[in-house]
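The values are calculated or read from the model by the stated rules, or taken from the named source; none is laboratory data. All values derive from a computational prediction rather than experimental measurement. Cβ coordinates were reconstructed from backbone atoms using ideal geometry, including for glycine residues, and neighbour counts include every protein chain displayed.
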Amino acid sequence: MLVVHVHVRVKPEGIEAFKQATLENARQSVREPGIARFDVLEQSDDPTRFVLVEVYRTAEAPAQHKATAHYAKWRDAVASLMAEPRSSVKFENVFPDDAGW
């Protein structure tokens, strides 16, 4: 399993539009065979900060995800809403070792 945390800071006036676009992308993403999980988290003490937790079944799945129409739609919709470029950190699953997904 490959786990990616995508960190996003959104302009205050773009929070609701970002949420709407991101939730639509997440709903479509969990239908992809290469995605085990796709969580959207909003920071409790700063509603302009989000983390997307993407759990991929294979090393190829992130590229397959980025080739989908719903990802392209999300990317284009949220570009102007971000206060700074998004960043990501990649992790390898250690436990549970079978991941249960």
- Message: If I go through the range 1-22 residue by residue, how many of them are of a type in the set (A, V, I, L, M) and over 19 Å from residue 64 (Cα atoms)?
- Response: 5
- Looking only at the range 19-43, count how many residues are basic (Lys, Arg), more than 16 Å from residue 56 (Cβ to Cβ) and surrounded by fewer than 15 Cβ atoms within 10 Å (Cβ to Cβ). 1
- Task: Taking residue 63 as the residue in question, decide whether it is among the hydrophobic types (A, V, I, L, M, F, W, C), out of contact with any Phe, Trp or Tyr (no Cβ under 9 Å at 6 or more places or on another chain) and surrounded by 14 or more Cβ atoms within 10 Å (Cβ to Cβ).
- Result: no
- Query: Pick from the range 1-18 the residues that are at pLDDT 95 or above and over 19 Å from residue 87 (Cβ atoms): which of them is surrounded by the most Cβ atoms within 10 Å (Cβ to Cβ)?
  - Reply: 17
- Message: I'd like to verify a number: residues in the range 64-88 that are closer than 22 Å to residue 33 by Cα and either touching a residue at least 24 places away in the same chain (Cβ under 8 Å) or within 13 Å of the chain's Cα centre (by Cα) (or both), how many?
- Response: 11
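Which residues, taken from the range 76-92, are exposed (fewer than 11 other Cβ atoms within 10 Å of the Cβ) and under 17 Å from residue 12 (Cβ atoms)?
Correct list: 79, 80, 84.
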- Failed item in (1) more than 11 Å from the chain's Cα centre (by Cα); (2) surrounded by fewer than 16 Cβ atoms within 10 Å (Cβ to Cβ); (3) hydrophobic (A, V, I, L, M, F, W, C); (4) under 29 Å from residue 94 (Cβ atoms), with residue 53 passing the rest: (1)
